[in-house]
């Protein structure tokens, strides 16, 4: 029963922690496409530790976040980090100055074919500025407010708003009725 | 469905904790298999080294005196009421057999008194005790785990990873996630009750029926003497 017992403990920890850890990894990773890999690496490490020592007296969420942090560090080489930062770094104030996009646009106003939404998400994920898929994940999947996202990502609210509305416009242009990705 | 919900669904399909969990479990299983393979590889590479050592030893002994015929002493302990034979799995052909059974394990918060294991002799350092109930589905198509399959009591020492897991049930054979091949295995006898004891690395495993109760015992890092004491405290 040893491995079955450990699996039982592992399942309990996974159930309790995976949503918080997923949010943490999404926020901290450099590319949202790496989320699943980092999650898997983190829980595999936990499994190995669980087989060696008892973790019942520790704060398991903090412990997992510690493992995830190390995995994130290892996942990206310095060169990758520099590339990501240089490509996506944006000046919040600059955005506010150049941004003339009306911020009342609603995602439900865009007309996109039903079976195109997976492609839409792929398009969002492929953005060079990886803050965009992160913001979309936090806003549309976890339904956090702009204020909460701003706090989590340590960016200004106007920057978050800008990313959402600018990307919604892009989606309308590219996937709407006349869009180049529109699958007619 | 609104666009917001459609996008949410697309995100969930892509970053999906259920798929992630499945992938983790697959990787764990692959890693466990690899570990076993590597252990076997190491064992096989160990064989020539042992052979060389044995041959050298034999030559050395032959030079001084005749070869002692009892080099391979079987792992048998015999007393009046105890006759133990430890079946070493690493030396058997089939080894460990995996079994995937769908179960639900619940914690018993207040560990109740189990008359089946009253007076059980557990090493004093295993001071951590947890009890669980194992539930299974009544049939394959059922969604609910509502059939009590067995009870499990786990005694452990968190410092040194020693533990004893005692599973028992009156109506069922307790479930385990792997079995040892019985091919070529030999019986032990304790107080006239026959049972098979298996060993794999630091693990002992045995199952037997005593007074109508099916027992399944697995130990980790427990000595042969401690195992004997434990069995004698159940099979009285």
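Values in this text are rule-based calculations from the coordinates and carry no lab data. Quick caveat, the model's predicted, so the values are computed rather than measured. Here the Cβ is made from the backbone with ideal geometry for all residues, glycine too, and neighbour counts use every protein chain on show.
Quick notes on this structure:
- Normalised contact order of the stretch A:2-80, rounded percent, pairs of Cα under 8 Å and 6 or more residues apart: 37
- Per residue, the convex hull spanned by the Cα atoms of the stretch B:105-236 amounts to 129 cubic angstrom.
- Extending 7 Å from the Cα toward the beta-carbon at both residue B:191 and residue B:128 defines two label points whose distance is 3.0 nm.
- Model label points for residue B:172 and residue B:143, set 7 angstrom from Cα along the Cα-to-Cβ axis, are 2.1 nm apart.
- Per-pair calculated FRET efficiency, R0 = 60 Å: residue A:174 and residue B:161 via Cβ, rounded to 0.05: 0.60
- Take each residue of peptide A:133-140, count the partner chain Cβ atoms within 10 Å of its Cβ, and average: the result is 3.
- The stretch A:2-80: translational diffusion in µm²/s, Stokes-Einstein, Kirkwood Rh over Cα pairs, 4 °C, 1.567 mPa s: 99
- Per-pair calculated FRET efficiency, R0 = 35 Å: residue A:20 and residue B:88 via Cβ, rounded to 0.05: 0.20
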